[in-house]
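Novice: One structure, pasted below without further comment.
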Amino acid sequence: MTLSQRLLAGLLVVVGVLVAAVVIIAGSRLNARLSRDAGDELERQARLVGVMWTARIANPDSLADAAGAALERRVTLIDSTGVVVGDSEFDGMALSQLENHSTRPEIIAARDSGRGRANRASRSAGDEEMYVGVRHPRGFVRVSIGTNRVRDIVGGARQDVLLAALIALIGSVALATVFSRRVSRPIVELRDVTRAIAAGDLTKRPSLTAAGEVGDLAASVGRMTDELRRRLQEMADEDGRLVAIIESLDEAIVAVDYRGEVVRMNGAARQLFATQGNLPFPSAELAMGPALRNALTAATRGIVSDGVETTVGERVVALTARPLPAGGAVLAVLDLTERRRLETVRRDFVANVSHELKTPLTVISGFAETLRDPQLADSDRERFLSLLTTNTTRMKRIVDDLLDLSRYESSAWTPKPSDVDLDALVRDLFTQFRPAARAVDLVSDIDPSARTVRFDPTALRQVLSNLIENAVRYTNAGSVTVSALQNEDGLAIAVKDTGIGVARDHLGRIFERFYRADPARSRSEGGTGLGLAIVRHLVEAHGGRVSAESSPGTGTTVRIRLPAIRHTSVTQATASS
């Protein structure tokens with residue numbers, strides 16, 4: 001039921017109750033007043049008849065008839081003994097048969113106080129009558145009237161009151177309808193506006209500008225909406241900043257509420273736990289190890305875990321778990337796998353560099369001490385000086401390669417690609433390595449479409465030089481072939497030898513620093529263990545990738561693949577120019 005309907009219904013109830021109260025109270029009071037006035041009037045009429053009832057009246061019944069006709073009342077004359085001697089409604093035999101009235105209440109009261117009144121059903125007339133009797137020297141004079149007249153007057157008055165009340169009710173309903181609508185319309189508008197605001201539509205505003213409480217309420221709702229919109233915008237901005245900060249963290253962040261459901265997690269956490277589920281979801285669905293699960297459970301009970309190192313799958317992580325003020329917990333997991341790997345690489349690098357430099361330094365130190373002997377034979381002195389030169393050269397190569405590798409891995413070096421004649425470069429390198437190749441054939445198989453490549457010239461020379469040198473070093477007989485082919489996927493360069501090959505266990509690590517599949521042979525032939533690591537960095541700096549295929553006894557093939565955007569053929573270059 002709407003407000004206007006409730007107001008109208010309430011008004012109808014109030015008016016109805018008031019009308020009923022007026023009818024009941026006014027009717028009863030009017031009935032009492034009319035009864036009292038009627039009794040007073042009957043008493044005056046009885047005294048008037050008593051004035052006319054004198055000793056000269058020989059026939060009292062005639063007087064009663066005349067007075068009754070004149071007054072339009074029933075007039076009864078009663079002697080002092082209670083015998084009815086005259087009655088306006090009875091004559092002759094009927095009059096003589098009337099009962100003695102000395103026991104009537106009004107007669108008894110008139111005998112005692114001079115006047116008496118009584119309402120009762122008439123034994124003779126048969127209907128209810130109002131009797132008023134007065135004492136008279138010759139007996140009693142009684143005048144009566146039927147109470148139906150009084151009731152008719154009261155009923156008419158009640159009808160008049162009801163008619164007036166009906167007219168007032170109709171007018172009240174009309175006024176109440178107009179008033180309720182004027183009252184309810186702004187309230188309904190405020191209701192609709194507040195509902196829209198509660199549903200999230202903060203563009204709604206009350207259109208009321210009226211004075212009074214309703215207008216003040218509308219203005220307050222408008223101000224409240226503006227303030228709510230401002231605060232929600234601030235919260236949204238703050239939440240956006242918080243999300244951006246959390247998403248930018250390398251740490252995996254997982255927030256769990258008091259029900260044990262994950263309510264927030266960043267991209268690092270989704271990647272670490274391999275989940276893309278929609279939030280929220282139960283934390284039991286996360287692939288956590290026992291350590292993380294126990295830390296999270298403890299944090300929900302208020303116990304802090306800080307810097308605990310454990311594993312998630314194959315990854316090493318450091319976890320921190322803290323309780324949230326409103327219940328639940330937040331878990332921060334830092335992936336240490338790469339850091340630990342780099343620490344291992346650094347330790348291995350230091351160890352390898354120390355080991356690689358220790359051997360030539362030991363040789364140099366020993367032979368330098370020996371050369372101080374003045375009795376040393378000239379032939380031995382020449383041999384020792386040759387060994388000193390060889391080891392010094394080897395140390396220089398190691399240092400040069402280390403410097404190159406450090407420069408390539410840092411941001412200080414960027415490639416400067418240009419068109420390089422690959423066929424001419426390969427032929428030049430073959431000339432350089434032919435003395436060391438001995439019984440090994442050096443073969444160039446460069447497709448015409450790939451003769452010109454887009455690559456940093458110095459870097460490409462170092463790449464191919466390292467690959468050809470390795471191939472020649474590990475090939476005692478057979479061939480070393482450099483091939484290149486261009487297709488729609490890009491440029492493929494391969495250096496293939498028929499040497500001793502590399503075991504499958506070593507093949508995946510040959511591009512690491514100082515890694516050697518055959519350490520003894522590599523060192524004896526002057527290898528530094530850094531050539532393939534340099535090759536990998538240079539190729540990747542040009543957007544390419546390098547891989548190796550090999551098996552013991554059949555040789556090794558190192559393949560370089562460059563994307564099409566990194567190279568162009570001579571024909572294409574000429575056409576574009």
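Novice: As a check on your grasp of the helix formula, calculate [θ] at 222 nm for the chain: sum -39500 (n - 2.57) over DSSP H runs of n ≥ 4, divide by the residue count, round to the nearest 500.
Specialist: -18500 deg cm²/dmol
Novice: Let me ask something else. Give the Rg/Rh ratio for the chain, taking Rg as the radius of gyration of the Cα atoms and Rh as the Kirkwood radius, to two decimals.
Specialist: Expressed as Rg/Rh, it is 1.66.
Novice: Could you give the nm distance between label points at ILE187 and THR414, where each point is 7 Å from its Cα heading toward the beta carbon?
Specialist: According to this spin-label approximation, the distance is 7.4 nm.
Novice: What shape does the stretch 250-335 have by the C-alpha gyration tensor, where a ≥ b ≥ c are the square roots of the eigenvalues, rounded means a/c under 1.5, and otherwise prolate means a/b greater than b/c and oblate the rest?
Specialist: Verdict is oblate for the stretch 250-335.
Novice: For ARG74, enumerate residues with amide H under 5 Å from its amide H, sequence gap 5+ or separate chain, H modeled in the peptide plane.
Specialist: Counting only residues 5 or more places away or on other chains, the set is SER144.
Novice: Could you work out the per residue convex hull volume over the alpha carbons of the stretch 212-263, in cubic angstrom?
Specialist: It comes to 82 Å³ per residue, whole-number rounded.
Novice: Next up: Subtracting the Cα-Cα distance from 0.36 nm times the residue separation, let me have the gained length for THR431 to ALA164 in nm, one decimal.
Specialist: Contour length minus the Cα-Cα distance gives 83.0 nm.
Novice: Whose amide H sits under 5 Å from the amide H of THR452, counting only residues 5 or more places off or on another chain, with H placed in the peptide plane?
Specialist: For THR452, the qualifying residues are LEU422, VAL570.
Novice: A further question follows. Considering only the other residues whose Cβ falls under 12 Å of the Cβ of ARG115, what net charge follows from Lys and Arg at +1 and Asp and Glu at -1?
Specialist: The answer is +2.
Novice: What's the exposure ranking of PHE367, PHE273, going from fewest to most Cβ atoms within 10 Å?
Specialist: Values: PHE367 18, PHE273 21.
Lowest to highest Cβ neighbour count: PHE367, PHE273.
Novice: Could I ask something else about it? Per-residue counts of other Cβ atoms within 10 Å, averaged by peptide: what ranking do you get for 131-139, 220-228, 106-114, highest first?
Specialist: In descending order of packing, they fall as 131-139, 106-114, 220-228.
Novice: Let me ask you something else. Give a residue-ordered list of calculated ³J(HN,Hα) values for the stretch 373-388 (Karplus: 6.51 cos²θ - 1.76 cosθ + 1.60, θ = phi - 60°; whole Hz; x for Gly, Pro).
Specialist: 6, x, 8, 5, 5, 4, 5, 5, 4, 5, 5, 5, 5, 5, 5, 4
Novice: Let me ask something else. Please express the shape of the stretch 15-64 as an equivalent ellipsoid: the semi-axes are the square roots of 5 times the eigenvalues of the C-alpha gyration tensor, given largest first in whole angstrom.
Specialist: Semi-axes from the Cα gyration tensor: 43, 8, 4 Å.
Novice: Just to be sure I understand: if I project the alpha-carbon convex hull of the stretch 1-91 onto a plane and average over all orientations, what area do I get in nm²?
Specialist: 9.3
Novice: Lysines within cross-link reach of LYS358: Cα-Cα under 29 Å, excluding same-chain residues under 8 positions apart?
Specialist: LYS396
Novice: Place +1 on the Cβ of every Lys and Arg and -1 on the Cβ of every Asp and Glu in the chain, take the dipole about the Cα centre, and give the residue among THR458, GLY277, ILE534 whose Cα lies farthest towards its positive end.
Specialist: GLY277
Novice: Taking only C-alpha pairs under 8 Å that are 6+ residues apart, what is the relative contact order of the chain in percent?
Specialist: 7
Novice: Taking only C-alpha pairs under 8 Å that are 6+ residues apart, what is the relative contact order of the stretch 159-249 in percent?
Specialist: Relative contact order, the stretch 159-249: 17 percent.
Novice: Pop a pseudo-label 7 angstrom from the Cα along the beta-carbon direction at both GLU343 and ARG6 and give the gap in nm to one decimal.
Specialist: The modelled label-to-label distance comes out at 7.1 nm.
Novice: Ok, one more. Mind listing the phi-derived Karplus ³J(HN,Hα) values for the stretch 485-490, rounded to whole Hz, using 6.51, -1.76 and 1.60 with θ = phi - 60°, and x for any glycine or proline?
Specialist: Listing the rounded values in order: 8, 10, 9, 5, 7, x Hz.
Novice: Going by amide H atoms built from the backbone, whose H comes under 5 Å of the H on HIS136, apart from near neighbours?
Specialist: Distant-sequence amide H within range of HIS136: VAL141.
Novice: How large is the Kirkwood hydrodynamic radius of the stretch 3-153, in angstrom, based on all distinct alpha carbon pairs?
Specialist: One over the average 1/r among Cα pairs gives 17.1 Å for the stretch 3-153.
Novice: Using the count of nearby Cβ atoms within 10 Å as a rough guide to exposure, how do ILE153, ILE245, ILE78, ILE500 rank from fewest to most? Write down the numbers at each step before the final one.
Specialist: On the way: ILE153 14, ILE245 11, ILE78 26, ILE500 19.
The most exposed by this proxy come first: ILE245, ILE153, ILE500, ILE78.
Novice: Cross-link partners among aspartates and glutamates for LYS496, C-alpha distance below 19 Å, same-chain residues fewer than 8 apart left out?
Specialist: ASP423, ASP428, ASP441, ASP445, ASP447, GLU469, ASP518, GLU549
Novice: Another question, then. Going by C-beta contacts inside 10 Å, put THR557, THR54 in order with the fewest on the left.
Specialist: Ranked by crowding around the Cβ, least crowded first: THR54, THR557.
Novice: Pop the C-beta distance of ASN59 and GLU128 into the FRET formula with R0 = 30 Å and round what comes out to the nearest 0.05.
Specialist: Numbers: r = 30 Å, r/R0 = 1.00.
About 0.50, to the nearest 0.05.
Novice: List the aspartates and glutamates whose alpha-carbon lies under 18 Å from that of LYS204, not counting same-chain residues fewer than 8 positions away?
Specialist: Within the straight-line cut-off, LYS204 pairs with GLU189, ASP192, ASP216, ASP226, GLU227.
Novice: Distance in nm between label sites at SER248 and GLN271, each 7 Å beyond Cα in the beta-carbon direction?
Specialist: 1.6
Novice: Pop the C-beta distance of VAL263 and ASP201 into the FRET formula with R0 = 22 Å and round what comes out to the nearest 0.05.
Specialist: Taking R0 as 22 Å, the efficiency between VAL263 and ASP201 is 0.30.
Novice: Please state, to two decimals, what the Cα-based radius of gyration of the stretch 285-371 comes to when divided by 2.2 N^0.38 Å (N = residues).
Specialist: Ratio of Cα Rg to 2.2 N^0.38 Å: 1.94.
Quick note: the coordinates plus some simple rules give every number you see, no bench work behind them. All of these numbers come straight from a predicted model, not from anything done at the bench. Here the Cβ is made from the backbone with ideal geometry for all residues, glycine too, and neighbour counts use every protein chain on show.
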